[in-house]
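Asker: Handing you this structure, nothing more for now.
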Amino acid sequence: MNTYLRPILIVMLLLCLAPMPYGYYEIVRVVAMVIFGAMAYGYHEARKDGLMVTCGVLAVLFQPFFKIALGRTMWNIVDVAVAALLIVIMLKERKEKEE
């Protein structure tokens, strides 16, 4: 998967902490679902089952069709945690690539 999509998603997730129009959050949900779905498929192909399941669960969590109502505070926590997880995954993959 192209690595430039993950930093874009990280920035989008962190921007959710600011007061944004409701449409922005809908766009974030769609973008996150697509990126996490693609990541899950990529990890399936690479036989990284733990990351595949994690990304699959995140794709379901962010999907915009059957919304999971967590409340603004909980979604802010989820957004920051997922952004941090993406950063950790990116750093770990970069380190593996260098070795």
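Asker: State whether the residues of the range 79-89 include one that is among the charged types (D, E, K, R) and over 10 Å from the mean Cα position of the chain (by Cα).
Answerer: The initial filter retains those residues of the range 79-89 that are among the charged types (D, E, K, R), namely 79.
Now narrow it down to the ones that are over 10 Å from the mean Cα position of the chain (by Cα): none.
No, the range 79-89 contains no residue that is among the charged types (D, E, K, R) and over 10 Å from the mean Cα position of the chain (by Cα).
Asker: Considering 19, 64, which residue is on the phi < 0 side of the Ramachandran plot and out of contact with any Lys or Arg (no Cβ under 8 Å at 6 or more places or on another chain)?
Answerer: Result of the check over 19, 64: 19.
Asker: Hey, another quick one. Working only within the range 6-33, note down all residues that are of a type in the set (Val, Ile, Thr) and more than 9 Å from the chain's Cα centre (by Cα).
Answerer: Result: 8, 11, 27, 28, 30.
Asker: Given the conditions (1) farther than 19 Å from residue 84 by Cα; (2) open to solvent by 30 Å² or more (accessible area, probe 1.4 Å), which single one is not true for residue 64?
Answerer: Only one criterion is unmet by residue 64, namely (2).
Asker: Please specify each residue of the range 1-54 satisfying the condition of being charged (D, E, K, R) and free of Cβ contacts under 8 Å to residues at least 24 places away in the same chain. Explain how you work it out, then say what you get.
Answerer: At the first step, the residues of the range 1-54 found to be charged (D, E, K, R) are 6, 26, 29, 45, 47-49.
Result: 45, 47, 48, 49.
Asker: Mind checking whether some residue in the range 76-83 is out of contact with any Pro (no Cβ under 9 Å at 6 or more places or on another chain), among the small types (Gly, Ala, Ser) and in contact (Cβ under 8 Å) with a residue 60 or more places away in the chain?
Answerer: Kept after step one, since they are out of contact with any Pro (no Cβ under 9 Å at 6 or more places or on another chain), are these residues of the range 76-83: 76-83.
Narrowing the set further to residues that are among the small types (Gly, Ala, Ser) leaves 81, 83.
Remaining after also requiring in contact (Cβ under 8 Å) with a residue 60 or more places away in the chain: 83.
Checking the range 76-83: at least one residue is out of contact with any Pro (no Cβ under 9 Å at 6 or more places or on another chain), among the small types (Gly, Ala, Ser) and in contact (Cβ under 8 Å) with a residue 60 or more places away in the chain.
Asker: Same structure again: Answer with yes or no whether residue 6 is of a type in the set (Lys, Arg) and closer than 18 Å to residue 90 by Cβ.
Answerer: So residue 6 passes the test.
The values are calculated or read from the model by the stated rules, or taken from the named source; none is laboratory data. It should be emphasised that the depicted structure is a prediction, and the values quoted were computed from it without experimental measurement. For neighbour counting, all protein chains shown are included, and Cβ atoms are generated from backbone atoms with ideal geometry for every residue, glycine included. The area values use the complete protein model at the heavy-atom level, side chains included, leaving out ligands, DNA and RNA. Shrake-Rupley method; radii C 1.70, N 1.55, O 1.52, S 1.80 Å.
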